[in-house]
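Working notes, beginning with the structure itself.
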Amino acid sequence: MPSAAAAREAGAALVDQLDDYLIPRLARLDAPLLAVVGGSTGAGKSTLVNSLVAAKVTTAGVLRPTTRAPLLAANPADLEWFRRGELLPGLTRTTEPSTDPKSLQLVGVPTITSGLALLDAPDIDSVVDANRALAGQLLAAADLWVFVTTAARYADAVPWGLLRTARQRGTVIAMVLDRVPPEAAEEIAAHLNEMLRDNELGAAPLFIVPETRLAADGLLPPSAIGDLSAWLGYLGADAGARAAVVRRTLDGAIAATAATTASLAAAAEEQVSAAGTLTERVTNAYNGANRAVANGVEDGRLLRGEVLARWQEFVGTGELMRTLEAQIGRLRDRVVATLTGRPAPGHALRSAIESNLVTLIRGAADEAAEAAYAGWQAHPAGSALLSAPLSHAAPDLPDRAERLIRDWQRHVLDLVRTEAGDKRALARGTAYAVNATGLLVMVVVFASTAFIPTGAEVAVAGGTTVAAQKVLEAIFGDQAIRTLAAKARTELLDRVAALLAEEAARFTELVGPVEDSAGRLREAALHVETARGHAGLVTP
């Protein structure tokens, strides 16, 4: 479905947040607070991180994107927690600079207050897809967002989209407005605060970093970042303040899983519904094919054309009666077949029956494929699964149909043998009589009256048809021959249904099994929300 891509992305993001943040943070509420420094390209994030720790730990420059792999700076006493890999377990720990976005460089910096770590993230609007994705992943694993923007770009759409996501998650945010001309600081700060309130982020503290010349070591002067540095130091040093930030962000992240899980449950229901609709359209199309074959078998149409001509030949020339006349018919047919190469009695009729049946099955299968194809083409999920060959029956269908008919004809002969028992008329004629009688039964199967052709067919075939009927009645009895024909017809239609089911599977296998997980998702979300209430992470 069109919603599948978004659902897969939401599901992957939820699993990432569980692995990257929620589970490890719930296991260690007292672990150091992780502040992720994020923002737009060129906002000055790396320079800000270097200046806050009073050391050049991360690269800042004019080339974009500058930050390719994340760097985490923490007090050496706290590095062990981050080195263990419980937080952000998908990133490989390293102590060396790296350009691999799947690595996390750990740097011990004594100037950082114990209890606090700063993570320099890639640009949220990086031209590199992997960098943008990593930035989002890192921000989702943060206890605190330190969001950096500039006086020139604070109204850009991309940052505000992420900020609204943070608000929905309940993440604690601090805004840093960088490179602000001193003369415009008051006006820009007022406008940014207004935007924060309009987006329900009015509680986020705002820190202004004035536009200033960097020192010789490439760092901002302490006076430019004094308020931000003091605030972060306070969070790191005060266990109560740090716990309040961690618990509020954690509680918000847990609460946000409910909305995500609800959207996943809705998407799962949509998948199940779509799969059911597609399967139903295929089922209806091939049910129609089965009805078409059944009608074609029962309404007498198969007894016209070539089958009727061969029937007339078989019955009208007396070949049937000679075949049933014990040794005389058998000996004569053997001699004729040997000298002339002509087929055994009734061979032409059997071939005509086979040909007409294959044509009937093939036409029904083609019509069903076209109907199923059209049904899927009108559905957003079905149209994406289709390929041109599905608009017609499988190329090997005629071969499979021929095998089906031949197997069915052998089955009819077995039925005749079984039903005949010790009937003398068949016992004397052995295989010849059985073959002839079997052909009569096949003809009965295709008669609209469930017996020998009537009306025009009888008129053309002449009185021999009536004689043939009398022969069958003499061998089996009137009711027995009708029962025999009914069994043969049912067997034929069952075999055709199995063949058409194979054709239908060309469609339904594309849908595959679709798990109805909506109920389990909603149940899980309810359990989580109940546990969140009992945990009392955030007090009024």
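Give the residue, chosen from VAL412, VAL358, VAL434, that is farther than 24 Å from GLU502 by Cα, part of a helix (DSSP H, G or I), modelled with pLDDT under 95 and not charged (D, E, K, R). Lay out the reasoning, then the answer.
Values: VAL412 fails: farther than 24 Å from GLU502 by Cα; VAL358 fails: farther than 24 Å from GLU502 by Cα.
On inspection, the qualifying residue turns out to be VAL434.
Out of curiosity, is ASP156 under 35 Å from the mean Cα position of the chain (by Cα) and acidic (Asp, Glu)? So that I can check it myself, show each step before the final result.
Details: under 35 Å from the mean Cα position of the chain (by Cα): no; acidic (Asp, Glu): yes.
No: the conditions fail for ASP156.
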(request) Please enumerate the residues belonging to region 198-216 that are loosely packed, with under 12 Cβ neighbours inside 10 Å and either modelled with pLDDT of 95 or more or assigned to a helix (DSSP H, G or I) (or both). (result) ASP198
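Mind checking which residues of region 119-173 are in a strand (DSSP E or B) and touching a residue at least 60 places away in the same chain (Cβ under 8 Å)? So that I can check it myself, show each step before the final result.
Start the filter on region 119-173 by keeping residues that are in a strand (DSSP E or B), which leaves 119-120, 144-150, 172-173.
Across region 119-173, the qualifying residues are LEU119, ASP120, LEU144, TRP145, VAL146, PHE147, VAL148, THR149, THR150, VAL172.
Would you point out which residue out of LEU219, LEU250, LEU232, LEU264 is within 21 Å of ALA140 (Cα to Cα), surrounded by 20 or more Cβ atoms within 10 Å (Cβ to Cβ) and assigned by TED's automatic domain parsing to the domain that holds ALA74? So that I can check it myself, show each step before the final result.
Details: LEU219 fails: within 21 Å of ALA140 (Cα to Cα); LEU250 fails: assigned by TED's automatic domain parsing to the domain that holds ALA74; LEU264 fails: assigned by TED's automatic domain parsing to the domain that holds ALA74.
So the residue among LEU219, LEU250, LEU232, LEU264 that is within 21 Å of ALA140 (Cα to Cα), surrounded by 20 or more Cβ atoms within 10 Å (Cβ to Cβ) and assigned by TED's automatic domain parsing to the domain that holds ALA74 is LEU232.
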(message) Go through region 17-35 and report how many residues are in a helix (DSSP H, G or I), surrounded by 20 or more Cβ atoms within 10 Å (Cβ to Cβ) and either of a type in the set (D, E, K, R) or assigned by TED's automatic domain parsing to the domain that holds PRO159 (or both).
(response) 2
(request) Give me the pairs, please: first residue somewhere in region 211-236 and closer than 17 Å to THR150 by Cβ, second residue anywhere and among the hydroxyl-bearing types (Ser, Thr, Tyr) and part of a helix (DSSP H, G or I), beta-carbon distance under 6 Å, and either six or more positions apart or on two chains. (result) LEU220/SER51; ILE225/SER51
(message) Quick check on my filter: what residues within region 129-187 are touching a Ser or Thr at 6+ places or on another chain (Cβ under 7 Å) and among the aromatic types (Phe, Trp, Tyr)?
(response) TRP145
(request) Looking at (1) surrounded by 15 or more Cβ atoms within 10 Å (Cβ to Cβ); (2) in contact (Cβ under 8 Å) with a residue 60 or more places away in the chain; (3) not in a strand (DSSP E or B), find the lone condition where GLY38 falls short. (result) (3)
(message) Being closer than 30 Å to SER114 by Cβ, among the basic types (Lys, Arg) and touching a residue at least 12 places away in the same chain (Cβ under 8 Å): is that true of ARG248 here?
(response) yes
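Do you know which residues across region 1-16 are exposed (fewer than 14 other Cβ atoms within 10 Å of the Cβ) and in a helix (DSSP H, G or I)? First the steps, then the outcome.
Initial filter on region 1-16 (exposed (fewer than 14 other Cβ atoms within 10 Å of the Cβ)): 2, 5-6, 8-9, 12, 15.
Across region 1-16, the qualifying residues are ALA5, ALA6, ARG8, GLU9, ALA12, VAL15.
The values are calculated or read from the model by the stated rules, or taken from the named source; none is laboratory data. Just so you know, these numbers come straight off a predicted model, no measurement behind them. Don't worry about glycine lacking a Cβ; one is built from the backbone with ideal geometry, like all the others, and counts go over all protein chains shown.
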